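Working notes, structure below.
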Amino acid sequence: MSQSPVRSLAAQSRRQLLLMAVAVFIGLLALVTVFSFYQISQAGKNYMRLDAIKLEQKLAADPNYPLPQSDTVSAYRDWQAIPKSVRDLFSSKPIQPDDPIEIQRINDSGTREYGYLLYSDQHLSQGLYLVEFEAAEKIEALAAMIVERSLADASVLIAAFMLVLVTVIGLLFNNALKPLKELVAWSARVKAHPDQAINVRFSVREVNQIADHLMASLQQVREYNQREQQFLKHASHELRTPLAIMQASLDTLSLRIDDKDASYPALQRASRANINMMALSESLLWLARQHPDKARQSKVDLGSLCATLVDELAYLAAHKPVTVHIDNQSDYISIERELWRIAIANLTRNALTYSASGVIEIKITNGQFSIANPIDSGVNENQIGFGLGLQLVERIAGQLNWHFEFQCDAQMARAIINWEAAHNLRDEP
């Protein structure tokens, strides 16, 4: 389904204003055209009425005044005096004083012409019938000329009127949109300096209400983030001491227990898990800082580190027919080792935990890590997520400007971390 292009409110307003102006211009021209034809018709009828009144006045002054009798204009004192061939063209019975009756006919010479019959009794008690015939070509040429000149004059006037109207409406739109533009500029300042109180009053009450709502929402988010940061900071601080004690105890036990002892593998797993918890605690502390320091980079063999992580976490899939294939195409590169290790460990742990029978594919390059594991068709996509681990990977990627993507379809779950763009940006002078 195609989506309409996104435009600014000002651009949409200008476009709609232009469309409205074009529609009004065309509508007014259509009205002018109809009105011109109406006026031509009325002018012809009024002109014929004036002819009849003038003739009546002459007959009232001189009863013997000769009535005109020609191919174009004829006058008669009563209905029966009109030739029957002419009467039948207009009406079968005497007409009443009203607008002239109009007809079209082909005369004896084969010429198309318009005929008009008018009855007038303004100055004569018995009235007067006036009959006129004009060549259709002459009438239509005259009408076309009048309409053409009317449209030309009207177009200029309408264009001038529309220019003034559009200018006025455009100024009104600009004035109406000015508070919204100020609101956008204010929100940009708030985004650039979220910790500063940027209060401003606009000239429109509704815009002020929007700004107040935005500030209230921003304050709620800020307070939530502060509580989250405080919780992470305190929790991580509280965990550091017991984790350090546990690690010291595990190190002491490892010195006293021979590596051939049956409990030695369990001791090693506990030690690795404690080391992971210590690294996780340090990462949470780093993420909890409002402006975290730049993480230290070091030269890392990504393939070797990943293989170590897979060995450490292999117990998660010990009872499943799952194998792990690592396609390592990376070299020694400078990267945030501990954060990379935590992120990759979480992704690997998730894959080993939720993988169905088959092969877990891991591919490593100098700029990207990807891992894909098969899943059962009946497993809900929401069950494949990994809670705090996913959030931690997302936040680490966000802080380091890495690109993180998690995809899931009916057969495979895939996770990708790409740090190439972030490193290229960092290397630019």
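Every number in this text was worked out from the coordinates using simple rules, so none of it is lab data. Since we're looking at a predicted model, the values are computed, not measured. A quick note on method: Cβ atoms are made from the backbone with ideal geometry, for glycine too, and the neighbour counts reach across all protein chains shown.
Express as a percent, rounded to the nearest 5, the fraction of DSSP beta bridges in the chain (both residues included) that run antiparallel.
Rounded to the nearest five, the antiparallel share is 85 percent.
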Whole-Hz couplings from phi, Karplus 6.51/-1.76/1.60, listed for the stretch 92-105; x for Gly and Pro
8, 9, x, 8, 9, x, 6, 5, x, 7, 10, 9, 10, 8
Under a plain spin-label model, where a point goes 7 Å from the Cα along Cα-to-Cβ, how far apart in nm are A160 and N46?
2.4
Quick one, which of (1) 1.02; (2) 2.14; (3) 1.22 is the actual Cα Rg over 2.2 N^0.38 Å calculated for this model?
(2)
Using a/c under 1.5 as the rounded threshold, could you call the stretch 205-271 rounded, prolate or oblate? The axes a ≥ b ≥ c are square roots of the C-alpha gyration tensor eigenvalues, and prolate needs a/b larger than b/c, oblate otherwise.
prolate
Using a cut-off of 14 Å between beta-carbons, work out the net charge of the residues near T33 (Lys and Arg +1, Asp and Glu -1, T33 not included).
-1
With the chain treated as a Gaussian network of Cα nodes joined by springs under 10 Å, which of R341, R205, R77 yields the largest mean-square fluctuation?
R77
For the chain, set up a GNM with springs between Cα atoms under 10 Å and report which of D311, D51, D251 has the largest fluctuation.
D51
For A413, the residues 5 or more places away or on another chain with a placed amide H closer than 5 Å to its own amide H are N373, I375
Let me check I've understood the local charge: for G127, count other residues with C-beta under 10 angstrom from its C-beta, Lys and Arg +1, Asp and Glu -1. What total comes out?
-2
Specify the residue with the greatest mean-square fluctuation among Q104, Q329, Q368, computed from a Gaussian network of the chain linking alpha-carbon atoms under 10 Å apart.
Q104
Nearest 20 debye, what's the magnitude of the dipole of the chain about its Cα centre given +1 on Lys and Arg Cβ and -1 on Asp and Glu Cβ?
1160
Sort E132, E405 so that the residue with the fewest other Cβ atoms within 10 Å of its own Cβ comes first and the one with the most comes last.
E405, E132
Through the Karplus equation 6.51 cos²θ - 1.76 cosθ + 1.60, θ set to phi - 60°, convert the phi angles of the stretch 107-112 into ³J(HN,Hα) values in whole Hz; use x for Gly and Pro.
6, 5, 8, x, 8, 7
Sequence-distant residues sharing a close amide H with V73 (under 5 Å, placed H)
F133
Which angle between 0 and 90 degrees, to the nearest 10, do you get for helix 9-61 versus the longest principal axis of the chain when only C-alpha atoms count?
10
If r is the Cβ-Cβ distance from L19 to D376 and R0 is 60 Å, what FRET efficiency results, to the nearest 0.05?
0.60
Once amide H atoms are built 1.01 Å from N in the peptide plane, which residues 5 or more positions from S355, or in another chain, come under 5 Å H to H?
none
Tilt relative to the chain, helix 302-313 - C-alpha long axis, 0 to 90 degrees, to 10:
70
What fraction of the DSSP beta bridges in the stretch 294-427 is antiparallel, stated in percent and rounded to the nearest 5?
75
If I fit a long axis through the Cα atoms of helix 264-288 and take the longest principal axis of the Cα atoms of the chain, what angle between them do I get, 0 to 90°, rounded to 10?
40
If each K or R counts +1 and each D or E counts -1, the residues other than Q80 whose Cβ falls under 14 Å of its Cβ total +2
FRET efficiency for V86 and S203 from the Cβ-Cβ distance with R0 = 60 Å, rounded to 0.05, comes out at 0.20
I'd like the FRET efficiency for A135 and A30, computed as 1/(1 + (r/R0)^6) with the beta carbon distance as r and R0 of 30 Å, rounded to 0.05.
0.55
